[in-house]
Each structure stands twice: as structure tokens, then as C-alpha cells.
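Asks: Take a look at this one; I'll ask things after.
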Amino acid sequence: MPVLVITGTGTEVGKTVVTAAVAAAALAAGRSVAVLKAAQTGVRPDEPGDAEEVARLAGAVTTAELARYPDPLAPATAARRAGRAAVRPREVAETAAKLAAEHDLVLVEGAGGLLVRFDEDGGTLADAAALLSAPVLVVAAAGLGTLNVTELTARELRSRGLDPVGLVIGSWPAEADLAARCNVRDLPEVTGVPLLGAVPAGAAGLPPACFRASAPRWLASRLDGTWDAATFRGREAG
């Protein structure tokens with residue numbers, strides 16, 4: 001799995017913190033890691049973006065960012081409003097492939113959900129994943145409403161011949177409500193995609209050393225971690 005594409009079921013579901021956790025776990029396993037943010041929106045030139053946040057939390061990763069636009073909008077819209085060139089899926093794929101030649105693992109983080117448009121031709125993260133023949137990790141919310149959007153994302157991936165390698169809950173609450181506890185069992189059932197981890201809410205606020213030490217416990221072995229889905233389901237069922 002030299003390239004792993006990470007998408008969310010929408011905005012603010014925890015893509016960046018999950019990307020950081022996957023990077024930290026891979027680093028702890030002795031792998032070299034690069035993180036590519038295809039299109040960064042809503043961040044000024046002098047502000048750290050998502051790739052820099054991953055590096056802050058995870059440690060010694062190579063970071064790359066193809067474009068940055070100031071408005072917090074879909075990349076195609078933000079590029080148009082800024083009067084700048086849009087990011088094309090082929091650029092994403094070519095950059096990821098170059099990074100993969102020099103690293104054990106390349107994490108490509110999307111913007112928003114799977115079908116958010118990068119350019120005026122309708123290019124998306126899904127198109128970049130197809131060009132790379134890369135598996136896709138889906139970051140989902142924990143609570144009410146997540147089943148529908150997560151199933152739709154998994155269906156869209158499969159309809160394009162892409163491999164949804166797993167799901168990770170991007171922000172698991174300290175006090176899980178009934179919907180969240182049920183979703184731990186229901187998400188894999190409705191999507192047909194294994195649950196590969198759950199990152200606790202507020203993880204990005206941990207000291208980086210603590211984040212790095214804890215990250216493998218939040219992720220399954222497929223992602224270089226020690227998290228066990230069966231144990232987690234049993235613990236949260238009550």
C-alpha cells in the first residue's frame with residue numbers, strides 16, 4: 001500500500017487528524033511517510049495548512065501541497081474566485097507517484113468529501129485515486145446521520161472500481177450516545193467496509209509526543225496499529 005488516499009464523508013469529520021494518526025503509526029512501525037494535500041482551501045499563505053498539522057502531530061513526514069486558496073470553499077470554486085489555476089487529478093496522481101518512489105507510504109488527503117470538485121471539468125479525488133490505482137480510506141463521523149453518507153461514499157468508490165480499504169471514525173466522543181454506539185456495529189454492515197479504527201475527540205489537542213505514542217492504539221493492524229474492532233464493539237455496545 002505505497003499510496004493511500006484519505007477522504008471524508010464530508011467536511012469536519014476528522015480527515016486531518018486521522019491522516020496524522022495513520023502517519024504516526026507508520027512512522028512508529030519504521031516506515032518513511034509523505035503527506036500530500038492536493039488542494040488547501042480557507043487558509044492564508046502565512047498560515048499552516050493541513051499537511052503542516054499532520055507533520056506537527058505525527059513527526060518526521062515529508063509534506064507537499066499542490067495549491068492553496070484563501071476562501072473556505074470547494075477547491076474548484078475557491079480557485080475560480082481567486083483567479084488561480086485549479087488542481088487537476090493528474091497533477092495529484094503524478095505528485096503522489098513521485099513521492100511514492102522515495103517513501104514507503106504516501107498519504108493523499110482530500111478536501112471535503114470524495115466528489116468535491118477540484119477543477120471546472122469536474123475532476124475529483126476519486127479520479128486521482130483511479131489514476132493511482134490506490135486504495136481509499138474513508139473517515140466517517142460517529143453519530144446520527146453517518147450511515148447514509150458513509151454508505152453512499154462506499155457505493156461510489158465501488159462503482160468506480162476503487163477499493164474502499166476501510167473506515168475510521170474521525171472523532172469518537174468521550175461519552176458516546178446511543179446512535180454512536182450502534183453505528184460501531186452498523187457502519188461495517190451497511191457499507192461492507194471494515195472498521196479500522198476510531199480516533200478520540202480532541203486528539204489534535206494532545207501534546208505531539210503523546211499523540212504519536214497513542215496513535216497506534218487508535219488504528220487496526222492494517223494501518224500499523226493495535227486497535228481491535230471486536231473488542232471496541234463489545235466495549236461500546238452497552
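A short reminder: the numbers here are calculations on the coordinates, not readings from a lab. What you see is a predicted model; the values in this text were computed from it and never measured. Cβ sites come from the backbone with ideal geometry, for glycine too, and all protein chains shown count toward neighbours.
Asks: For Gly192, what charge total do you get from the other residues with a beta carbon under 10 Å from its beta carbon, if Lys and Arg give +1 and Asp and Glu give -1?
Replies: 0
Asks: Further question on the same structure: Test of the criteria: in segment 1-82, which GluC sites (Glu not before Pro) are in a DSSP loop and have at most 14 other Cβ atoms within 10 angstrom of their Cβ?
Replies: Of the GluC sites (Glu not before Pro), the ones in loops of segment 1-82 whose Cβ has at most 14 other Cβ atoms within 10 Å are Glu12.
Asks: Hey, what's the Kirkwood Rh for segment 109-189 if you take every pair of different alpha carbons, in angstrom?
Replies: The answer is 13.6 Å.
Asks: Relative to the longest principal axis of the C-alpha atoms of the chain, give the angle of the C-alpha long axis of helix 146-159, reported between 0 and 90° and rounded to the nearest 10°.
Replies: 60
Asks: Sticking with this structure for a sec: Identify which of the listed values of mean projected area of the Cα convex hull in nm² was calculated from the structure shown: [x] 11.8; [y] 18.2; [z] 15.1.
Replies: Recomputing mean projected area of the Cα convex hull in nm² here gives the entry labelled [x].
Asks: What is the distance in Å between the Cα centroid of segment 45-75 and that of segment 5-24?
Replies: The two parts, judged by their Cα centres, are 13 Å apart.
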